[in-house]
Every structure is written in C-alpha cells, then in structure tokens.
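K.L.:
Can you read through this structure? Questions will come right after.
FYI, it's all coordinate maths here, none of it is from the lab. On a predicted model such as this, the values are computed, not experimentally measured, just so you know. Heads up, the Cβs are rebuilt from the backbone with ideal geometry, glycines too, and the neighbour counts pull from every protein chain shown.
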Amino acid sequence: MDKVSPEEKLKILYVEDQEAIARLVEYKLSKEGIKVFLQYTGDGVLNKVIRTKPDLILLDLMLPVKDGLSILEELKGNEEVKNIPVIMLSIQGEEKKIEQAFKFGAADYIQKPFSTVELSARIHKALA
Amino acid sequence: MIEFLSQTGIVISVVFILLTFIYLLLLFIFLIRIFERIRLKKEKNFIRRWERKIFEYINEDYNPHELIKLFPKSSYKYLLHHLRSYQLTLKGEDKERIQKFVNETPLYDYLIKNLKSLFIKKLIFGAYYLGLAESENAKFIIRKKLKTYNELAYITCALGLARINDVDSINSIFNEASKFKYLSKDTLQSILLEFNESVCKYLLKRMEHEKSPMFKSVIIAVLRHFKFAPAAPNILKYLFNRESTPIVIESLKYFGEVKYPEAVAAIRFYLMNSKPEVRAEAIKAALKIGEPSLEERVWSLIYNHDRNVKVTAAESSYYFSNQSREKLKSLAYSIPNTMESSIARMIISQKIIHLN
C-alpha cells in the first residue's frame, strides 16, 4: 500500500448496518480530512470497493445479507482489491471469527464498544 | 324447503362473519403499516434535523445545556431512542459526552418522572434509559422499583442497576429474582455481566450463603467470565462436595478458564462421572488446564460409550499434544473402520479445513 500524500484525501469505505454509528464515524473522520463512503448491508461490497477504490476498509462482522467474513474472503480473493487493508469490527465473544479474519488477511480489528479516538488511531496505524 | 332455507341462512351468516373478520384483519394490518410508516417518517425527520447537532455536541462543539434547548420536550423520546445506539456502541469520551447530556439536562428529570410513574411501560422506559446513561443519582429509586411483581420491570431495573454498577444491590437482585418462577438462568446471567468486575467479591460473598443451585451456577458463570481467581478455593469445594450437575458443570468451566492447578484431582475424578455432560465438560477443563497427567485419561474417553464424550475427547486430543494428535491420526486411518476411527477422521478433516 502506497502512502498517501497530505494533499490527497484519504478514502475509507465503512460497511456497517448501524446507520447512526456509521454516520457518526463518517462525521468524526471527515473532521480529520478523511472521505468516508458508507455501505449499510453486506450486499455488493466488492463492487463498491472497485468503484470507490478506498485506501482502507472498515468492515463489521455482523451484517445483513452477507456476513463480514464472507465479504473479507471475497475481497482478499480479488486481484484488484486484495491489497487494500481491512479492519474488522466485532463484538465480544466473536474471537474465533476474528482469528479466522486474520487468516483471511485482515489488517487489524476493533472490538465494539469502541472509541472514535481508538478507531482513528488504528486507521492511521493500518495505513502507515 | 324451510330446512333448506334455514341451512342456507346459516351458511350465509358464517360466510358473512368470516368475510367481516378478514376485512377487519386487513384493516388492522393496514393501520399498523400506516402507523409504522408515520413513526419511521418522524424518526427520519428527527434524524435529518438533529443528528448533525448531536455529532457536533459529541465532538465538543456544544455544551449539553445549549444542545437540549434545541429539542422540544415532545421529541425527548425520539432523542433518547436515537442516543441509545451511541451508548451501546461507543466507549470512552464519546460515550461519556452522551451520558453527560442525559444526566445533566432536563432529560434526566424526564426519565425520573417516567421511572416514578405508576404505569409499568413508563417505569421500564425510565429504568432502561437511566441505566444506559449510568445515572448514579437514580440508583436509589431504581432499587425501590426493583421490588415489583412485573418480570419485565424487574429485569429492566436489575439491568439498570448493573449498568450503573450498583454492587450494593446484588443481594436485592437475587432476592427479588426468586419471586419469578420463569426467570431464566441466561437472563439473570446477562444482567450480572453488565456489572464491571468489581462485582466479583460481592458475588463470592453471596455464593457462600446461596441456597438456590440455579443462582449458584449463575454466580460461578459470572466469576468465570471475569476470570476471578480468588473464588477458586470456594468453587473447588463444590466439586469435592459433589453438588448438583449444573453447579459441577459451571465449576468445571470455571477451572478451565482460570487454569487453577489445584483442581486437577477433581477434574480427574469427574472424567469418570456417570453423566456424559459432566464427563465432556471435565475433558474440556483438562485440555484448557493442559495438565499432562490427564492426557492419557482424556484419550481413553474416545472409547467411551457416549458419542458426545467421544467427540469431545477426540477434539481435545487433537490439541492436547503432538503425541495425542499423531495417535488420533493413526486411529483415523486404522482398520477396521470403527465409530472411533470415523470420529477421529471427522475431527482431523474439520481441523484441516479450518486451517486452510
């Protein structure tokens, strides 16, 4: 992953079914100059990634239509997008799924409840 | 002729009643959908109008007293509902900002008014949102409301007290719980898990005098969740005293989690217990503790008469050591094809797919 120059806006795709949380994260990250694309279901994520070409993907494990693990597997199996770092979001008790996500190539994970400060720090760490 | 007419009349009446019933049912469904649409539209409008202000507040561009002035009292219910997802998903400063907003503005008085209401629905609403906001000042009123005969009101009040981490209410939570015949173990457990780990020493005290096996096993489950090792000597006594099956099972799970070496002798004993569910749990505990002296006995349980015990023993043997894993592989491809070798093949196959 190439580093993004300060003039170039960072782009993140956030896949999250809790719409209020997704919009709050969008607001918070936009304050840091990051452009956030939102997706509320697990359907059509790969197409959106190809279309928007984000620098990083935030992916919730539990999603309607298609779960986060299947999406991750799909992303990592696609030549065009497989190098985009993916941070998984999980709740307590999903450790086995997180283990699996790391096997599929996730860059990091954040457990819910999370703080937006922590989220931002992990995003920057994954992009460094 | 008269008989025919009277029979036709009955049929027509029945058809008429059925059609009226179907019509009313359709009307009812239609009205529900209309109301739901109106509610969703109101909520959408609310979000469109106020969400940005809430974000600005969380980002510290607003003070809570200024923010609340923007909201009419009639919108408090929507506002609290909307704040709920932030409170459940965020932590740290963001969550504290939301809690401050609820606790230091007229929203607090609004919730207290609901909590004090004689209507159960309002009481539940107040207790739920005050608990979510961890309103320390509300705990005394919630404690009083805990003494209800309505199960849902009890659950909400207990949950509220747990979220406030009111550890002094532990005994009341258990005492009041005993009133409800159908209160499940899972419900009580999920309430107690909302406390933070400081609750453990209070639970330990309660456990010493607790008579109910269900409550005792719930306490052990919560102590296991928090990996509270100081409870180990007390829980070990339950294994030696051969308490009821749910307590023994929870105790074995606990020892597996806290990896208490003093429990090895008891685990060895329970590997031979007459109940298959106890044997299976003892196998899991033996694996988690990783005591080498139990390895051979766990392996021998692959030949146990109970299928679940066989599978648990085979799966544990796969992880116990390289030696056990090799033995399992040999068994898997041994001749003749037995139930044990099939189970061994199944476990190895599962693990290989899992690794791939």
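K.L.:
Run the numbers for residue B:121 and residue B:168: contour at 0.36 nm per residue of separation, minus the present Cα-Cα distance, in nm.
P.N.:
That works out to 14.3 nm of additional length.
K.L.:
Going down the list A:76/B:95; B:211/B:284; A:48/B:100; A:112/B:216; A:66/B:145; A:76/B:185, which pairs span over 32 Å between their C-alpha atoms? Mind dumping the intermediate values first?
P.N.:
On the way: A:76/B:95 34 Å; B:211/B:284 27 Å; A:48/B:100 38 Å; A:112/B:216 30 Å; A:66/B:145 42 Å; A:76/B:185 41 Å.
Distance filter (> 32 Å) returns A:76/B:95; A:48/B:100; A:66/B:145; A:76/B:185.
K.L.:
For the residue pair residue A:92 and residue B:152, what label-to-label distance in nm results when each label sits 7 Å from Cα along the Cα-to-beta-carbon direction?
P.N.:
2.6
K.L.:
Between the DSSP loop rule and a limit of at most 16 other Cβ atoms within 10 Å, which chymotrypsin sites (Phe, Trp or Tyr not before Pro) in the range B:134-178 are left?
P.N.:
Within the range B:134-178, the qualifying chymotrypsin sites (Phe, Trp or Tyr not before Pro) (loop, at most 16 other Cβ atoms within 10 Å) are B:149.
K.L.:
Find how many whole Å separate the alpha carbon centroid of the range A:39-106 from the alpha carbon centroid of the range B:40-112.
P.N.:
Cα centroid to Cα centroid, the span is 31 Å.
K.L.:
Efficiency by 1/(1 + (r/R0)^6): what FRET value for residue B:265 and residue B:51, r their Cβ-Cβ distance, R0 = 51 Å, to the nearest 0.05?
P.N.:
Details: r = 60 Å, r/R0 = 1.17.
In this case the efficiency is close to 0.30.
K.L.:
Right, here's the next one. Could you name the aspartates and glutamates whose alpha carbon sits less than 13 Å from that of residue B:327, not counting residues in the same chain fewer than 8 places away?
P.N.:
Correct list for residue B:327: B:295, B:296, B:315, B:340.
K.L.:
Continuing with the same structure: For chain B, what are the per-bin percents of Cα-Cα distances with bins 10 Å wide, up to the bin holding the maximum?
P.N.:
Reading upward from the zero bin: 5, 17, 18, 17, 16, 15, 8, 3, 1, 0.
K.L.:
So what is the 222 nm mean residue ellipticity for chain B from helices alone, if each DSSP H run of at least 4 adds -39500 (n - 2.57) and you divide by all residues, rounding to the nearest 500 deg cm²/dmol? Each step should come with its number before you reach the end.
P.N.:
Values: 20 runs with 263 residues, N = 356.
Theoretical 222 nm ellipticity from helices: -23500 deg cm²/dmol.
K.L.:
Right, another one. Taking the alpha-carbon centroid of each part, what is the distance from the range A:108-128 to the range B:246-270 in angstrom?
P.N.:
Between the Cα centres of the range A:108-128 and the range B:246-270 lies a distance of 37 Å.
K.L.:
Between residue B:18 and residue B:65, what is 0.36 nm times their sequence separation minus the Cα-Cα distance? Round to one decimal in nm. Please list the in-between numbers first.
P.N.:
Working: separation 47, 0.36 × 47 = 16.92 nm, distance 5.73 nm.
This chain segment gains 11.2 nm when fully extended.
K.L.:
Give the longest segment of chain A that steers clear of GluC sites (Glu not before Pro) in DSSP loops with at most 12 neighbouring Cβ atoms within 10 Å, not counting the sites themselves.
P.N.:
So the longest stretch without any such site is A:81-128.
K.L.:
Each label point is 7 Å from the Cα along the Cα-to-Cβ direction; what then is the distance between the points at residue A:40 and residue B:175, in nm?
P.N.:
4.7
K.L.:
Now for a different question. Please give the helix B:307-320 orientation as an angle from the longest Cα principal axis of chain B, in degrees from 0 to 90, rounded to the nearest 10.
P.N.:
The answer is roughly 70 degrees.
K.L.:
Per residue of B:86-97, count partner chain C-beta atoms within 10 Å of its C-beta, then hand back the mean as an integer. Kindly include the intermediate steps, with their values, before the conclusion.
P.N.:
On the way: counts 5, 1, 4, 11, 9, 8, 6, 3, 8, 3, 1, 0.
Average per residue, whole number: 5.
K.L.:
Also, I was wondering about something else. Using each residue's phi in the range B:60-71, evaluate 6.51 cos²θ - 1.76 cosθ + 1.60 at θ = phi - 60° and report the 3J(HN,Hα) Karplus result to the nearest Hz, with x for Gly and Pro.
P.N.:
Once θ is set to phi - 60°, the couplings for the range B:60-71 become 6, 8, 10, 9, x, 5, 5, 4, 5, 4, 6, 9 Hz.
K.L.:
Excluding same-chain residues fewer than 8 positions from residue B:69, which aspartates and glutamates have a Cα within less than 14 Å of its Cα?
P.N.:
Candidates past the 8-residue exclusion: B:104.
K.L.:
Could I ask something else about it? What angle do you read, to the nearest 10 degrees and between 0 and 90, between the alpha-carbon axis of helix B:245-258 and the longest principal axis of chain B?
P.N.:
Taking the Cα atoms of chain B, the angle to B:245-258 is about 80 degrees.
K.L.:
Rounded if a/c is under 1.5, else prolate if a/b is larger than b/c, else oblate: which is the protein assembly as shown, with a ≥ b ≥ c the root eigenvalues of its Cα gyration tensor?
P.N.:
Details: a/c = 1.42, a/b = 1.22, b/c = 1.16.
In terms of gyration-tensor shape, rounded.
K.L.:
Taking just the alpha-carbon atoms of the range B:187-270, what radius of gyration and Dmax come out, in angstrom?
P.N.:
In order Rg, Dmax, the Cα atoms of the range B:187-270 give 11.7, 34 Å.
K.L.:
Sticking with this structure for a sec: What is the pair-distance distribution P(r) of the range B:241-339, computed from all Cα-Cα distances in 5 Å bins starting at 0, with each bin given as a whole percent?
P.N.:
2, 15, 26, 23, 18, 9, 4, 2, 0
K.L.:
In whole Hz and in residue order, list the ³J(HN,Hα) couplings for the range B:183-188 that follow from phi through the Karplus curve 6.51 cos²θ - 1.76 cosθ + 1.60, θ = phi - 60°; x for Gly and Pro.
P.N.:
5, 7, 4, 4, 5, 4
K.L.:
Could I ask something else about it? How long is the gain from residue A:50 to residue A:118 if the chain were fully straight, where each residue apart is worth 0.36 nm and the alpha carbon distance is subtracted? Could you put the intermediate results ahead of the total?
P.N.:
Working: separation 68, 0.36 × 68 = 24.48 nm, distance 2.73 nm.
So the chain would gain 21.8 nm between residue A:50 and residue A:118.
K.L.:
Let me ask you something else. What is the dipole size for chain A, taken about its Cα centre, with +1 at each Lys and Arg Cβ and -1 at each Asp and Glu Cβ, in debye to the nearest 20? Before the final figure, lay out each step's value.
P.N.:
On the way: 19 positive and 21 negative charges, 48 e Å.
Roughly 240 debye, rounded to the nearest 20.
K.L.:
In whole angstrom, note down how far apart the Cα centers of the range B:186-220 and the range B:281-349 are.
P.N.:
Cα centroid of the range B:186-220 versus Cα centroid of the range B:281-349: 34 Å apart.
K.L.:
With the cut-off at 21 Å, report for the range A:10-127 the share of all Cα pairs above it, as a whole percent.
P.N.:
Working: 1889 of 6903 pairs.
That tail contains 27 percent of the Cα-Cα pairs.
K.L.:
Residue by residue through the range B:12-24, which ³J(HN,Hα) values in whole Hz follow from phi under the Karplus form 6.51 cos²θ - 1.76 cosθ + 1.60 (θ = phi - 60°), with glycine and proline marked x?
P.N.:
4, 4, 4, 4, 4, 4, 4, 5, 4, 4, 4, 4, 5
K.L.:
Same structure, new question: Counting other Cβ atoms within 10 Å of each Cβ, which chymotrypsin sites (Phe, Trp or Tyr not before Pro) in the range B:268-356 have at most 15 and sit in a DSSP loop?
P.N.:
Working: sites: B:269, B:270, B:299, B:303, B:318, B:319, B:320, B:333; in loops: B:333.
Within the range B:268-356, the qualifying chymotrypsin sites (Phe, Trp or Tyr not before Pro) (loop, at most 15 other Cβ atoms within 10 Å) are B:333.
K.L.:
In deg cm²/dmol and to the nearest 500, what is the mean residue ellipticity at 222 nm of chain A if only DSSP H runs of at least 4 residues count, each as -39500 (n - 2.57), divided by the residue total? Walk me through the numbers on the way to the answer.
P.N.:
Details: 5 runs with 52 residues, N = 128.
Calculated from helices alone, the mean residue ellipticity at 222 nm is -12000 deg cm²/dmol.
K.L.:
Further, regarding this structure: Kindly state, as a whole number, the per residue volume in cubic angstrom of the convex hull around the alpha carbon atoms of the range A:54-104. Walk me through the intermediate numbers first.
P.N.:
Numbers: hull volume 3.8 nm³, N = 51.
In the range A:54-104, the Cα hull volume divided by residue count equals 75 Å³.
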